[in-house]
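K.L.:
I have a structure here, written as structure tokens, and I will follow up with some questions on it.
Read-outs: derived from the displayed coordinates by stated rules, not from any lab. Since the model is a prediction, treat every value here as computed from it, not as a measurement. Glycine also receives a Cβ, built like all others from the backbone with ideal geometry; neighbour counts cover every protein chain displayed.
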Amino acid sequence: MAEEILDEFNGTDVLIPDDSVVNTILDQNYEEIVPKWTWWWAAAISVAAVALIANLLFIIVVVSNRKRRDLRTFVTAITLVIAVLDILDVLRIMPIFYRDLFYEHIFRHVFCSLGIFHELSVAIFLISISVAVCVQAGRETKYYTSNPRAAWRHKILIPSVLLICAGAAAPFFLIPYEKLSYTCIDPFRAQYIVDTGSDTFPFDIYSTIVSILTYALPLLIIPFTIPIASFRTCFAKQCCVSRFKQPIGELFMVAIICLVYIGTIVGIILPRIDKLLKWETIELGPAPLLWELANNCIRPICYFLMSPGVWEGLGALCCRSKGRRDSEDMEIEVPLRPVTSV
């Protein structure tokens with residue numbers, strides 16, 4: 001029962017519920033999302049900081065070197081949008097470390113809606129770049145955004161996906177939910193969609209549809225597109241050709257990013273399957289929020305390590321100011337020749 005406390009301030013009575021009442025209303029404990037483990041807090045804060053810095057640096061490098069031909073590809077345009085979404089996602093997750101916000105309904109609605117928007121957008125964009133590298137693999141001509149015929153692809157795809165995902169995440173305000181996960185979507189609610197008379201039926205349908213787009217589609221498409229793209233590149237003998245270094249690097253980059261994304265899906269679902277099937281041999285603690293932050297951190301690292309255009313752009317950005325200072329010093333140090341007349 002709630003504890004009634006008489007507040008003399010303004011002469012009003014304030015009803016302050018204890019933790020047990022709050023947890024009963026929300027049907028969830030704060031520790032289910034943010035554990036008390038010290039290593040979890042250290043890992044989450046470190047990964048979030050790296051994700052913010054790395055994604056921001058990637059955006060600066062791409063924007064400052066936007067005239068480079070290697071950075072005017074379809075994959076670079078999509079990864080730039082994903083980097084912006086990852087920064088917004090980290091900013092969405094960080095406030096939940098403050099315990100009192102966890103019990104604010106407005107914050108929970110915003111947290112869940114932005115999480116669904118981010119998860120849907122990233123899943124669709126990853127599928128699109130995996131299909132893009134598969135289609136262009138082995139071809140002599142690649143998809144560069146500077147080409148007028150290819151420029152319309154990302155100009156139509158990016159705003160369309162963002163608008164559709166925002167529209168899909170907006171109805172979450174009207175749907176009652178029980179648990180607060182890192183995106184508030186539970187793929188295991190699909191087993192209850194046959195019960196049309198249940199009070200949670202709208203949430204079960206909504207959660208199932210979003211889970212199909214974010215979990216099922218990447219698992220069905222990505223494992224086929226990446227191997228096909230690799231085989232086509234090898235058969236075309238483009239692996240050791242220097243002029244194809246950017247498409248080859250993008251292929252490796254997309255493969256690693258998609259592999260990490262699928263791995264995090266398994267890491268999120270496996271503890272639930274362990275509990276559902278009662279497998280006592282598997283001991284994997286649930287940490288979905290940490291998996292999400294790890295995804296946001298690993299992606300920009302892959303951008304720098306596996307994309308030649310991004311790496312060279314970073315070098316050009318670092319050496320630009322130094323080269324400018326060196327050129328000014330050389331102009332000062334060149335002695336003036338005396339003017340002679342015959």
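K.L.:
Every residue in segment 233-244 that is buried (at least 17 other Cβ atoms within 10 Å of the Cβ) and part of a helix (DSSP H, G or I), please.
P.N.:
Within segment 233-244, T233, F244 meet the criteria.
K.L.:
Further question: Kindly evaluate Y206 against the criterion of being free of Cβ contacts under 8 Å to residues at least 40 places away in the same chain, buried (at least 16 other Cβ atoms within 10 Å of the Cβ) and either touching a helix residue (DSSP H, G or I) at 6+ places or on another chain (Cβ under 8 Å) or at negative phi (or both).
P.N.:
It is true that Y206 is free of Cβ contacts under 8 Å to residues at least 40 places away in the same chain, buried (at least 16 other Cβ atoms within 10 Å of the Cβ) and either touching a helix residue (DSSP H, G or I) at 6+ places or on another chain (Cβ under 8 Å) or at negative phi (or both).
K.L.:
Okay, moving on. How many residues does segment 29-77 contain that are in a loop (DSSP other than H, G, I, E, B) and aliphatic (A, V, I, L, M)?
P.N.:
Residues that pass the stated criteria total 2.
K.L.:
Can you say whether I262 is surrounded by fewer than 19 Cβ atoms within 10 Å (Cβ to Cβ) and under 19 Å from Y303 (Cα atoms), as far as the supplied structure shows?
P.N.:
yes
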